[in-house]
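What follows is one structure encoded as structure tokens, with my remarks underneath.
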Amino acid sequence: MNMLNVGIVGQTGKVSTNIIQCLMKRHHMRFIRGFSSKDMDTLGIEGLDLVFKVSDVVIDFSSSELSEMVIESAIQNKKPLIMGTTGHNVSDDVLHTISTSMPFFMDSNFSVVVHVLRKILKQFTHEMMQYDDYDIEIIEKHHGRKSDSPSGTALSIAQDMSSYTNFDVRFGARGKREDRTIFISSVRGGGGCGEQEVCFFGPHDELTLTTRAVSHTIYAERALDIAEWLVNQKNGVYSIKDFMLYMSKKAGHAE
């Protein structure tokens with residue numbers, strides 16, 4: 001098996017430092033070069049381009065401010081890119097360009113339990129809403145240094161639920177609760193790795209579904225698994241759903 005050279009953008013972040021540690025245990029993969037937001041002042045865009053030039057695949061867990069430049073560099077160098085950064089807004093035009101240039105993986109969360117939660121929520125929500133009028137609240141909790149709010153994971157869950165309830169998604173300052181609204185509340189503090197609570201509040205009862213990451217290693221290991229898979233894919237845009245389908249087929253399970 002050939003050595004897989006992995007570049008990392010956002011190399012000083014919580015997930016990225018875990019990725020570098022996990023790479024030390026994978027003898028067929030190695031950390032080849034990194035780049036962080038601070039490097040932009042000294043190395044400029046050339047430093048970012050160099051990461052792509054020397055890498056077989058690049059993993060980005062940086063900041064939304066760098067996202068546009070990261071994508072442009074990936075397109076220019078035609079290298080597979082895994083984007084775990086949240087808070088950005090990648091347009092449909094850019095996604096179309098990416099899909100013809102290289103394999104591109106983008107998702108708000110790499111966790112299996114979050115993927116499963118999103119998968120079951122459609123049927124679950126339908127069941128809940130046909131019996132009574134429930135208010136839907138998503139409470140997401142992350143470490144105090146997380147820059148975007150609400151989290152990309154919470155937004156993805158809320159947008160999923162909005163698509164099959166026709167409820168509006170709201171976050172930020174609030175007063176009296178509006179009807180037919182999915183509200184996202186954000187909590188920042190400490191060193192937590194990420195927690196999402198999907199709450200259904202009814203007039204007489206309530207139910208909460210919770211996912212909780214206990215270590216950033218789960219994101220790091222999954223990113224490396226995806227990297228090994230992505231380098232063998234055709235040009236296009238992929239998500240955790242595509243990767244989990246591959247894993248299911250590999251294990252011999254029907255989707």
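Every number in this text was worked out from the coordinates using simple rules, so none of it is lab data. None of the values given here were measured: they were computed from a predicted structure. Here the Cβ is made from the backbone with ideal geometry for all residues, glycine too, and neighbour counts use every protein chain on show.
Label positions at S64 and V237, each projected 7 Å from the Cα along the C-beta direction, are separated by 1.7 nm. The distance from the alpha carbon centre of the range 87-124 to that of the range 30-47 is 25 Å, rounded to a whole number. When you count the other C-beta atoms within 10 angstrom of each residue and take the mean per peptide, 200-213, 127-140 line up highest first as 127-140, 200-213. For the range 112-212, the convex hull drawn through the C-alpha positions has a volume of 101 cubic angstrom per residue.
Sequence-distant contacts, meaning Cα pairs under 8 Å at least 6 residues apart, place the relative contact order of the chain at 21 percent.
For a straight C-alpha distance cut-off of 16 angstrom, the aspartates and glutamates reachable from K78 (same-chain residues fewer than eight places away being disregarded) are E46, D49, D56, D60, E68. Normalised size of the range 1-59, defined as Cα radius of gyration per 2.2 N^0.38 Å with N residues, equals 1.11. Taking every DSSP beta bridge that has both ends in the chain, the antiparallel portion is near 30%. Here volume of the Cα convex hull per residue in Å³ was calculated from the structure, and among (i) 274; (ii) 145; (iii) 120 it sits at label (ii).
For K79, a cut-off of 17 angstrom between C-alpha atoms picks up these lysines, skipping any fewer than 8 places away in its own chain: K53, K234.
K122: which lysines have alpha carbons under 25 Å from its alpha carbon, excluding same-chain residues fewer than 8 sequence positions away? Cross-link targets: K141, K241, K249.
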